[in-house]
Structures are given as structure tokens and as C-alpha cells.
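Chemist: Input: one structure, supplied below.
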Amino acid sequence: MSTVPRFWRHIPQRYNLVGTHCPKCDEYYYPPRAICPNCRRAAKMEDYRFDGKGTVVTFTTIYNATDDFKRQTPYNLAIIELDEGPRLTGQVICTPEEIEIGMRVKPAFRILGKDGERGIIYYGTKFVPAEGSV
Amino acid sequence: MPAGIVSYGVYVPRYRIKAEEIARVWGEREDMAKSLNVFEKSVPDIDEDAVTIAVEAARIAIMRASIDPARIDAIYAGSESHPYAVKPTATIVGEAIGVDHQLTAADFEFACKAGTAAVQACLGLVTAKLIDLGLAIGTDTSQGAPGDALEYTAAAGSAAYVIGRDDLAAEIEGFYSFTTDTPDFWRREGMPYPEHGGRFTGEPGYFKHVTSATRGLLKKMRTIPEDYDYAVFHQPNGKFPVRVAEKLGFSIEQIEPGLVVPWIGNTYSGSSLIGLAATLDVARPGERIFLASFGSGAGSDAFSIRVEEGIEDIRDRGPRVRDFLKDVRYLDYAVYAKHKGKLRL
Ligand SMILES: [Zn+2]
């Protein structure tokens, strides 16, 4: 798990998928980038809040995990392509039988991890199937 | 100037355990489901707690009425299962719904009625025009000790209400509270499960406080039970709200739309506010709703609510309470224990 200051700095992107958008070439970035790799200094990046809807590109199911994640097994880790284009890795909350490539997902606010019994609780974004959930 | 509910949102986790499954494990011979009128209860996912479900409910409330989060000047989060002993639930919710940081926030705790206490605090600030909008939340992922009677009912759920002066979905016409020092239920710092005085605590706890707050408000408002189209009483089980309604002169028809406890269990700080949301889901403009919460320790907050035209604009823009009763997943006791952290891995 990341350190407390590092987690704190990343709260906007973890809680609300805040990335960046380049108005010049219309490219979206998550995690956020300070400078557009296409346009360099010719463009000024703006913050962009993704609504988190996307598609499962590929996935793997974890059956054996470290102590911190043992309680959650089995769980699905997927590469998700957000509708605006960026790809990110995230947990998809459903059974291993339910997840499939091309599945539509939407964000859910969940516990990402805990720093032991005494430490901080890390909250952030996971994904749930877009169909069949409220 | 009238004030009241501008928007509302509810979240109930997807998992359920049936009362008969809990009874099977503990060899309980009595038909607990029938005697409590609770057939199944909600169970949080392994990565859900009172904070995450509060965020989900708050996001629905924000979405339902297209609220600009920057307008929210106060967040009060009521719970008896705040994940941190020190570190507010309200600040995490604020960040997750995208507030502009110019706001006041605090956590409330009063057993099952911390959520209605949060509504009162917001209503006071809104009515005095000290703030624009307030966000009041009741949220809990409650625990009963394994084998204890509470294990059949202690459930998870959250309700969030945006309180303001304009574009009202429902006006809060008045409230009346009744509070005493009654040790009917408690949990000491650092203890995982609550203690309670057993079955006899119903009379001096729930019934005394709910009837006193209800009669007090009816007198203050100069209303009678028949003046209300609906009534919601705190739902620690499926028996108490039915019995207290009868005692006070309200009918089964009045409480039926808001009586969700048989299918989700007691969601503690969420309970009466989820019942109110289920009632707002079906109520029409001009109709009146009577609401009375209860929190052990003990107190009851009663509210007289009038549904406004605004309800029609927002109701269908978010999930209704009954949507959370569909497509649920049933757990057996072993997986349930893993969800609730009863097994130390
Ligand atoms: Zn660019």
C-alpha cells in the first residue's frame, strides 16, 4: 500500500477518476498528465472528471492473494477502457463466471485496502457490471 | 419560509442472508423470521462499510436533482458504525461527491436516530438562511454478536437527504423530539458488538419514546393520524412499527409503503430514512407523511412532511428503494461470516 501522503495527493483521481484532457488534440488521460505527449508545450491541459463508464478489455481472476487481500478472493482484476479512451486497471465486482471481455461496467465507491488494524483505510473506485445493478 | 427535502438517495448492498439460515446455524427452534417479521437482511460486500454506502446514497441524491455539489455548505453523517473512531465519515463523503471545500461537516452518533438528528441540524441552518444546502445522511453496516437476537436483524443501508429552501420535493412542516437517558442498548469504545437489555427494553425504549414524540408532534401541529396519507416509524424489526402504529391510531395502509424491514433488516441510522424514501417513491404532491425515528439511549424525532410538486421532477431520475430489493444475492452463513469479518483470516 502507498504511504499516507501519497494516497492523500491521489484522492481526487481515486475517488472521482479525475484525469486530464488536451483541448488541442482532444486526447483524454488517466492517470492525469501535466503535459500532453502529442502537443507538448503547445497545449494547456485541463482537469477532466470521467464518469467511469467503460468496457472490459481483458481480465484475470485472483485466487491467491497476499494477506491484505485474502478475504476478497477470488476477485477480478481487469483492464478497462473508459468511454473517452484511456485504459486503467481496476477491480470488477462480480463472480469469476460473470465477468467477460466486452462487458460494460460503471464505477462503485469501495474500500481499496486497509493499512493493517491501526492504519488508514484507502477508499477509491472499483467497477461493477453496468447491467443488472442499481 | 418553507424548507425541506430537495432530493434524496438510498443505497442498500446487494447481498442478503435469510433469517432461517442464521437460525439453522444456531439451532434456533423458534421461527425467528415470523416472530420478528424479518425474513432476510442486507449484508455489505467485503469492501463496503458505512462510508462507501453513504457515498453511493449521496451520489444518487446529488444526481436525482442535478445538485451542484458546490452549493452544499454542511454535511452531517449519522451512524453507529463509522469506520474510524477518530476521522470523520462526512469529510470522505464530501470529497467523493465533489464539494468545493467551503463547508462545515461533522459525524453524528445516536444509535438508530443519528440520521434524523442530521436532518434537524441541516434544517435549522437552512431555515435560518445560514447555509444554502445541507446534506444529511443516515448510514450503517451494523453488527450483532454471533448467535445474539440482534444478528437476525442488524443490516446495512444508507439514506442521504439534501435539505434546502427552493425546489422542494417535500416540505418539512415541523418536528418534535423526545429524549431521555435510557440504557436500553449500548456499545463501549473498542468493543466489536453492542450489548442490550434484552426483549423487555421495547416498552421503556422504543414504545415510550416513539409514542411520546408522535403525540407531541400531533399536538404541536394540531393534526390527527387521519390527516396523514402515510406514516413511517423506525423499523428495528417488522413487529414494532406495526404495533406502535396501531397503538397511536395509524393504519397498516399508512405504514405499508415504507415498511421495508422484512426484506432488508434493520439498517439502523438508515432505517426510518429509507422507509421515508420508499414512501416518497410513491407519494403524490399534496399528500402528507408522518415520520418518527428512534435511537436507543434513547430518543425519537418525529416529523410532519408535505409532499410538493417538485417530487414529480426528481423521483424517476434515480433508483427507487424497491429497485434495491430486486436481483439480490443470497449468502450462506459461512460466506456471510467472511463478509462481516466474523472469521479472522
Ligand atoms: Zn494534445
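Chemist: Contact order normalised by length for the stretch A:52-134, with contacts defined as Cα pairs under 8 Å and 6 or more residues apart; what percent is it? Mind dumping the intermediate values first?
Modeler: Values: 175 pairs, mean separation 23.7, N = 83.
Relative CO of the stretch A:52-134 lands at 29 percent.
Chemist: Is the shape of the stretch A:52-134 rounded, prolate or oblate, going by the alpha carbon gyration tensor and its root eigenvalues a ≥ b ≥ c, with a/c under 1.5 for rounded and a/b larger than b/c for prolate? Write down the numbers at each step before the final one.
Modeler: Details: a/c = 2.02, a/b = 1.54, b/c = 1.31.
Prolate shape, in that a/c is at least 1.5 and a/b is the bigger ratio.
Chemist: If R0 is 30 Å, what FRET efficiency do you get for B:MET1 and A:HIS10 from their C-beta distance, rounded to 0.05? Don't skip to the answer; put the middle values down first.
Modeler: Details: r = 42 Å, r/R0 = 1.41.
E(calc), rounded to 0.05, equals 0.10.
Chemist: Now for a different question. For a quick check: with amide H placed at 1.01 Å from N, whose amide H comes under 5 Å from A:ALA108's, ignoring anything fewer than 5 positions away on the same chain?
Modeler: A:LYS126, A:PHE127, A:VAL128
Chemist: Taking a cut-off of 26 Å, what percent of all Cα-Cα pairs in chain B are separated by more than that?
Modeler: Numbers: 25263 of 59340 pairs.
Tail of P(r) above 26 Å: 43 percent of Cα pairs.
Chemist: With all protein chains present, calculate the accessible area of B:SER81 using a 1.4 Å probe and round the result to the nearest 10 Å².
Modeler: Looks like 20 Å² after rounding.
Chemist: Okay, next question. Run the lone-cysteine check on chain A: no other Cys C-beta under 4.7 Å from the residue's C-beta.
Modeler: Cysteines lacking a close Cβ partner in chain A: A:CYS25, A:CYS94.
Chemist: With springs only between Cα atoms under 10 Å apart, run a GNM on chain B and tell me which of B:ASP107, B:ASP166, B:ASP316 wobbles the most.
Modeler: B:ASP316
Chemist: Something else about it: Which Rg and Dmax, in Å, describe the Cα atoms of the protein assembly as shown?
Modeler: Rg and Dmax of the protein assembly as shown, Cα atoms, are 22.5, 75 Å.
Chemist: Further, regarding this structure: I need the phi-derived Karplus couplings for the stretch A:57-74: 6.51 cos²θ - 1.76 cosθ + 1.60, θ = phi - 60°, integer Hz, Gly and Pro marked x.
Modeler: With coefficients 6.51, -1.76 and 1.60, one gets 8, 7, 7, 9, 9, 9, 9, 10, 10, 5, 3, 4, 10, 4, 5, 8, 5, x Hz.
Chemist: Sticking with this structure for a sec: Skipping prolines and chain starts, which residues have an amide H placed within reach, meaning under 5 Å, of the one on B:THR104, given they are 5 or more residues away or on another chain?
Modeler: Those qualifying (amide H under 5 Å, at least 5 residues apart or on another chain) are B:ALA74, B:ILE75.
Chemist: Can you give the net charge of the other residues whose Cβ lies under 11 Å from the Cβ of B:GLY4, counting K and R as +1 and D and E as -1?
Modeler: Its environment carries a net charge of -3.
Chemist: Along Cα→Cβ, 7 Å out, is where each label goes; now give me the distance between the ones at B:VAL25 and B:MET63 in nm to one decimal.
Modeler: Here the answer is 3.2 nm between the modelled labels.
Chemist: Step by step: find N for the stretch B:173-312, compute 2.2 N^0.38 Å, then divide the Cα radius of gyration by it. What's the final number?
Modeler: Working: Rg = 15.0 Å, N = 140, 2.2 N^0.38 = 14.4 Å.
Rg over 2.2 N^0.38 Å, computed on Cα atoms: 1.04.
Chemist: Return the percentage of antiparallel bridges among DSSP beta bridges fully within the stretch A:1-132, rounded to the nearest 5 %. Each step should come with its number before you reach the end.
Modeler: Values: 33 of 34 bridges.
Percent antiparallel among DSSP bridges in the stretch A:1-132 is about 95.
Chemist: Right, next: Kindly provide the trypsin sites (Lys or Arg not before Pro) of the stretch B:1-48 that DSSP labels as loop, not H, G, I, E or B, and whose Cβ sees at most 12 other Cβ atoms within 10 Å.
Modeler: B:ARG29
Chemist: Amide H to amide H, which residues 5 or more places from A:GLY113 or on other chains are under 5 Å from it, using H placed in the peptide plane?
Modeler: Amide H neighbours of A:GLY113, under 5 Å, 5+ apart: A:TYR122.
Chemist: Between A:ASP115 and B:LEU130, with labels modelled 7 Å along Cα→Cβ, what's the label distance in nm to one decimal, could you check?
Modeler: Spacing of the two 7 Å Cα→Cβ label points: 3.4 nm.
Chemist: What net charge do the residues around B:LEU218 carry, taking every other residue with its C-beta under 11 Å from that of B:LEU218, with Lys and Arg at +1 and Asp and Glu at -1?
Modeler: Values: positive: B:ARG215, B:LYS219, B:LYS220, B:ARG222; negative: B:GLU226, B:ASP227.
Computed value for this residue: +2.
Chemist: For a quick check of your reading of the filter: which GluC sites (Glu not before Pro) in the stretch B:279-345 sit in a DSSP loop and have no more than 15 other Cβ atoms within 10 Å?
Modeler: Numbers: sites: B:GLU287, B:GLU308, B:GLU309, B:GLU312; in loops: B:GLU287, B:GLU308, B:GLU309.
Qualifying residues, ordered by number: B:GLU309.
Chemist: In nanometres, what is the gap between the two model label sites at A:ILE101 and A:ALA42, each 7 Å from Cα along Cα-to-Cβ?
Modeler: Placing both labels 7 Å along Cα→Cβ, they lie 3.6 nm apart.
Chemist: Further question: Could you pull out the trypsin sites (Lys or Arg not before Pro) across the stretch A:1-66 that fall in loop regions by DSSP (anything but H, G, I, E, B) with no more than 10 other Cβ atoms inside 10 Å?
Modeler: Numbers: sites: A:ARG6, A:ARG9, A:ARG14, A:LYS24, A:ARG33, A:ARG40, A:ARG41, A:LYS44, A:ARG49, A:LYS53; in loops: A:LYS24, A:ARG33, A:ARG41, A:LYS44, A:LYS53.
Sites meeting the loop and neighbour criteria: A:ARG41.
Chemist: Buried by at least 40 Å² relative to the chain on its own: which residues of the stretch A:11-28 qualify, computing accessible area with a 1.4 Å probe on protein heavy atoms?
Modeler: With the partner chains in place, the stretch A:11-28 has these residues losing at least 40 Å²: A:TYR15, A:ASN16.
Chemist: Hey, another quick one. Checking an interface number: how much accessible area is buried between B and A, summed over both chains, with a 1.4 Å probe, in Å² rounded to 100? Intermediate values should be presented prior to the final figure.
Modeler: Values: alone 14260 and 8680 Å², together 20800 Å².
Protein heavy atoms only, the B-A interface buries about 2100 Å².
Chemist: Count charges around B:THR182 for me, please; just the other residues with Cβ under 11 Å from its Cβ, Lys/Arg as +1, Asp/Glu as -1. Write down the numbers at each step before the final one.
Modeler: Numbers: positive: B:LYS208; negative: B:ASP181, B:ASP184, B:GLU203.
Once positives and negatives cancel, what remains is -2.
Chemist: Give a residue-ordered list of calculated ³J(HN,Hα) values for the stretch A:108-119 (Karplus: 6.51 cos²θ - 1.76 cosθ + 1.60, θ = phi - 60°; whole Hz; x for Gly, Pro).
Modeler: Rounded to whole hertz, the list is 9, 8, 9, 7, 7, x, 10, 8, x, 7, 9, x.
The values are calculated or read from the model by the stated rules, or taken from the named source; none is laboratory data. Not measured: the values here are computed from a predicted model. Glycine gets a Cβ as well: all are built from the backbone with ideal geometry, and neighbour counts include every protein chain shown. Heads up: the accessible areas ignore ligands, DNA and RNA and are worked out on the full protein's heavy atoms, side chains in. Shrake-Rupley method; radii C 1.70, N 1.55, O 1.52, S 1.80 Å.
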